[in-house]
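The values are calculated or read from the model by the stated rules, or taken from the named source; none is laboratory data. This is a predicted model, so every value here is computed, not measured. When we count neighbours, we look across all protein chains shown, and the Cβ atoms used for this are built from the backbone with ideal geometry, even at glycine. SASA here: full protein model, heavy atoms, side chains in, ligands and nucleic acids out. Shrake-Rupley method; radii C 1.70, N 1.55, O 1.52, S 1.80 Å.
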Amino acid sequence: MTITEPYDYHPGSLPLLVSIPHAGTRLTPAVEDGLSDAARPLPDTDWHIPLLYDFARQMGAHILQGTYSRMVIDLNRPPDDTPLYTTATTGLYPDTLFDGTPTFAPGKTPSAQERQRYLTDIWHPYHQRLQEVLSDIKARHGYALLFDAHSIASRIPRLFEGTLPSLNIGTNQGASCAPSLEEAVRNCCVAQPFSYVFNGRFKGGYITRAYGQPHAQQHAVQLELAQCNYMEETAPFDYAPTRAAQLQQTLRAMLSGIVAWGEQQG
């Protein structure tokens, strides 16, 4: 098959790019044919994140969204598949789900040749576009702000103990953005009702770590949301509009705070 449209991009006017790498559900024939019964509902998808952040597009943010499922290839992992965490995690080509269940039925894992094609035709185009947008933003504004938007089930014992805080902010231990930007995000968190943590279990994936370059006026922040605050965490993973509306108020304030910080620097 020919891989087409590995991402959707909506241009904006603000110096802010919202990256959504894990909301895609498109599958290649080899992956679709090989998925285990547990993986077929695509349980590790960042469900409804484009809908949740639709207000950001209306604000004027650039939006870049991956269209293929992370079951095909994970856009937030390095191309050489170096592990990002010393604890349990999943790789560039996830062979297990978050809970440790096999992603593929026995003997049905896509071939190395297939996976190399996913890297060439899905992973690289997404990252090329991401860098192009950031470069264009910097050329126009003198700096670029990257917000990497994610979500995950609030309880996954294999990955973390107990229940996640609602908002899990990652700045690669402060290395992916200016300290004053992290402080601005922290101030937004203090003023809202949801629980939060900075650089806890989720410190930022490959996108945050690779593109967060404050020395080059390119600042990145990752937000991993606990899904219980805007959707049902079991299949069919329905959106919960009332809960989502409350969460969107916090997200809007956070993104507005990030943009305001940038304007002050400029």
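So if R0 is 51 Å, what FRET efficiency would Asn187 and Asp37 give, r being the distance between their Cβ atoms, rounded to the nearest 0.05?
Once the sixth-power term is evaluated, E becomes 0.65.
Which FRET efficiency, nearest 0.05, do Glu232 and Ala260 yield, Cβ-Cβ r, R0 35 Å?
Details: r = 34 Å, r/R0 = 0.96.
Once rounded, the FRET efficiency stands at 0.55.
Give the percent of DSSP beta bridges with both residues in the stretch 130-235 that are antiparallel, rounded to the nearest 5. If you can, show how the numbers build up before the last one.
Details: 5 of 17 bridges.
Antiparallel: roughly 30 percent of the beta bridges in the stretch 130-235.
Report in % the part of the accessible area of the chain that belongs to carbon and sulfur, leaving out ligands and nucleic acids; probe 1.4 Å.
50 percent
Quick one: work out the % antiparallel among DSSP beta bridges in the chain, nearest 5.
On the way: 12 of 33 bridges.
Roughly 35 percent of the DSSP beta bridges within the chain come out antiparallel.
Is the C-alpha gyration tensor of the stretch 219-266 telling us rounded, prolate or oblate? Criteria: a/c under 1.5 is rounded; beyond that, a/b larger than b/c is prolate, otherwise oblate.
prolate
Can you show me the helix-derived [θ] at 222 nm for the chain, built from DSSP H runs with n ≥ 4 at -39,500 (n - 2.57) apiece and divided by the number of residues, rounded to the nearest 500. Each step should come with its number before you reach the end.
Working: 8 runs with 84 residues, N = 266.
One gets -9500 deg cm²/dmol as the mean residue ellipticity at 222 nm.
Go ahead and run the numbers for FRET between Ala245 and Thr25, Cβ-Cβ distance against an R0 of 25 Å, rounding to 0.05.
Values: r = 24 Å, r/R0 = 0.95.
Computed FRET efficiency for Ala245 and Thr25 comes out at 0.60.
May I ask you to give the solvent-accessible area per residue for the stretch 121-266, in square angstrom, as obtained with a 1.4 angstrom probe?
Working: 6120 Å² over 146 residues.
That works out to 42 Å² for each residue.
Please work out whether the stretch 25-88 counts as rounded, prolate or oblate from its C-alpha gyration tensor, where a ≥ b ≥ c are the square roots of the eigenvalues and a/c under 1.5 means rounded, while otherwise a/b larger than b/c means prolate and anything else oblate? Please report the intermediate quantities before stating the final value.
On the way: a/c = 2.13, a/b = 1.41, b/c = 1.51.
Oblate shape, in that a/c is at least 1.5 and b/c is the bigger or equal ratio.
Could you tell me what % of all Cα pairs in the chain have separations over 26 Å? Walk me through the numbers on the way to the answer.
Details: 13307 of 35245 pairs.
Summing the P(r) of the chain above 26 Å gives 38 percent of all pairs.
Roll a 1.4 Å probe over the protein chains and send me the accessible area per residue for the stretch 1-103 in Å².
Working: 3920 Å² over 103 residues.
I get 38 Å² per residue for this part.
Report the charge-dipole magnitude of the chain in Debye, nearest 20, computed about the Cα centre from +1 at each Lys and Arg Cβ and -1 at each Asp and Glu Cβ. Mind dumping the intermediate values first?
On the way: 19 positive and 26 negative charges, 85 e Å.
Rounded to the nearest 20 debye, it is 400 debye.
With a 10 Å cut-off between alpha carbons and a GNM built on the chain, which of Gln58, Gln192, Gln173 moves the most?
Evaluated over the chain, the most mobile residue of the options is Gln58.
Under a plain spin-label model, where a point goes 7 Å from the Cα along Cα-to-Cβ, how far apart in nm are Thr4 and Thr82?
With each label point 7 Å from Cα toward Cβ, the separation is 3.7 nm.
How charged is the neighbourhood of Arg252? Take every other residue with its Cβ under 14 Å from the Cβ of Arg252, and add Lys/Arg as +1 and Asp/Glu as -1. Intermediate results must be reported in sequence, preceding the final value.
On the way: positive: Arg57; negative: Asp54.
Charge balance near Arg252 sits at 0.
Could you give the nm distance between label points at Val197 and Glu132, where each point is 7 Å from its Cα heading toward the beta carbon?
A separation of 3.8 nm, rounded to one decimal place.
Between Ala139 and His124, what is the label-point separation in nm under the 7 Å Cα-to-beta-carbon projection?
Taking the simple label geometry, His124 and Ala139 are separated by 2.2 nm.
Ranked from highest to lowest mean number of other Cβ atoms within 10 Å per residue, what is the order of the peptides 142-150, 33-41, 118-126, 69-77?
Details: 142-150: 23.3, 33-41: 15.1, 118-126: 18.1, 69-77: 25.0.
Descending mean neighbour count gives 69-77, 142-150, 118-126, 33-41.
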